[in-house]
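The structure appears right after this line, and notes come after that.
The values are calculated or read from the model by the stated rules, or taken from the named source; none is laboratory data. This structure is a prediction, so every number in the text was calculated from the model and none was measured. In this analysis, Cβ positions are derived from the backbone assuming ideal geometry, glycine residues included, and neighbour counts consider all displayed protein chains.
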Amino acid sequence: MRFNLIPILLPALALAADCNRADFHKPGSYSLYMPFRGDSINCQLAENNNSNAVKALQQQMNLCHGKSLNVDGNFGPRARRAMQEVQRSVGADDDGILWT
C-alpha cells in the first residue's frame, strides 16, 4: 500500500486544532489515509502532539520518504526534523508542521 503526504502542500489554517485520529478521506474517486480532528480534516500535527494521527504520519514518512522514525505516535524532535526534510523536498515551507 502506498501513502502520499499530500496535506503538507496545503496552506496553513489559522488556529487549526490538533489532529487526534487518522482515517480515510475520500475527496473524489480515491482515498487518502490522513489525520482528522473529530470528523474534520482541518487540523494540524506539530511537535509535542501524541496520537494515532501522528502514527499515521510517521508510517507515511517511513514508507514514502525513506525515513526511519519510530511509529510510536509521539511527534518529537526527530519527527519534526523528518517533516522539515520532506517539506523541503517537495518545495513547501519547512516549518515542521503538518497542516491539513
Pull up the stretch 15-44, narrow it to residues that are more than 20 Å from PHE75 (Cβ to Cβ) and assigned to a loop (DSSP other than H, G, I, E, B), then point me to the one that is farthest from the chain's Cα centre (by Cα). SER29
Please determine, by comparing only the residues of the stretch 1-45 that are modelled with pLDDT of 80 or more and of a type in the set (D, E, K, R), which one is nearest to ARG88 (Cα to Cα). ASP18
Report, by residue number, each residue of the stretch 46-78 that is assigned to a helix (DSSP H, G or I) and modelled with pLDDT of 95 or more. PRO77, ARG78
Give me the pairs, please: first residue somewhere in the stretch 81-99 and among the β-branched types (Val, Ile, Thr), second residue anywhere and part of a loop (DSSP other than H, G, I, E, B), beta-carbon distance under 6 Å, and either six or more positions apart or on two chains. ILE97/ALA46
Residues that are under 13 Å from ASN50 (Cα atoms) and among the basic types (Lys, Arg), drawn from the stretch 64-100: ARG80
Say we look at the stretch 79-100 and pick out the residues that are of a type in the set (Gly, Ala, Ser) and closer than 19 Å to ALA16 by Cβ; which of these is modelled with the highest pLDDT? ALA79
